[in-house]
Amino acid sequence: MRRDIAYIVIISLLLVGFGYFYIKDYYPLKSELLEYKEENRTLISVVNELRRDAPREDSISVELPTENYVAEDLRDMIDGIEVEQVREEISITLPGKKLFPPGSVELSKDGKEMLFKIASIIKEIEDRKIIIEGHTDNTQIAGSLRKEYPTNWDLSAKRAINVVKYLISEVGIDPKRLAAIAYGEYHPITPNATAEGRDRNRRIVIDVLSE
């Protein structure tokens, strides 16, 4: 009998001790949990207010890079040129026959008008370097032109330089942004075997570089 009573007393003491530690640990945790839930409700309320105040999706406008507009304007507004865009760089190919009379390095009236339109559009892209490339076909220079420009290097260089001068004097592009490069006959875009191929290879290319 005494053993049974002692056993009951020991078990009771253990239960009381366990209950004490359970209550001691449980209530602080419960308090922290309640605080967390309250903070969570506050955050949800703030998010909902932001959603209500945010503009509708159909009213959000996405600003496209300037070079995208420039490339599209060039394609839409000027006939007879080729426009390529690779990321931020734009390359504009102009047929030589539209810029220069046969056997000449001086810009024609139509060539000046075309250049003015192109330059007025690409001026929208500020602070970019602009490279003017001069290209020829592989026909050897003959006649009086040969005295002043004995090779296609010389001819392509002079034509590119004259384009640069026009962009500076007539369009007002900063000379620091411009450079002229001569490729002569050595960068054809098509074989020179036909008159059509030679015609395509005689060209000026305007490269608007990336920043």
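The values are calculated or read from the model by the stated rules, or taken from the named source; none is laboratory data. Bear in mind that the values here come from a model prediction, so they are computed numbers and not experimental data. FYI the Cβ positions are ideal-geometry reconstructions off the backbone, even for glycines, and counts take in every protein chain you see.
Do we have ILE189 as closer than 22 Å to VAL83 by Cα and not in a loop (DSSP other than H, G, I, E, B) here? Criteria not met by ILE189. Elements of the type helices (runs of 4 or more DSSP H) sitting completely within the range 65-181 and holding at least 1 residues that are more than 28 Å from the chain's Cα centre (by Cα) and surrounded by 19 or more Cβ atoms within 10 Å (Cβ to Cβ): these cover 96-99, 109-122, 152-166. The set of residues in the range 106-162 that are aliphatic (A, V, I, L, M) and either free of Cβ contacts under 8 Å to residues at least 12 places away in the same chain or not assigned by TED's automatic domain parsing to the domain that holds ASP199 (or both) contains only ALA142.
Among the residues examined, ASP174 does not qualify as closer than 26 Å to ASP73 by Cα, among the acidic types (Asp, Glu) and touching a Lys or Arg at 6+ places or on another chain (Cβ under 8 Å).
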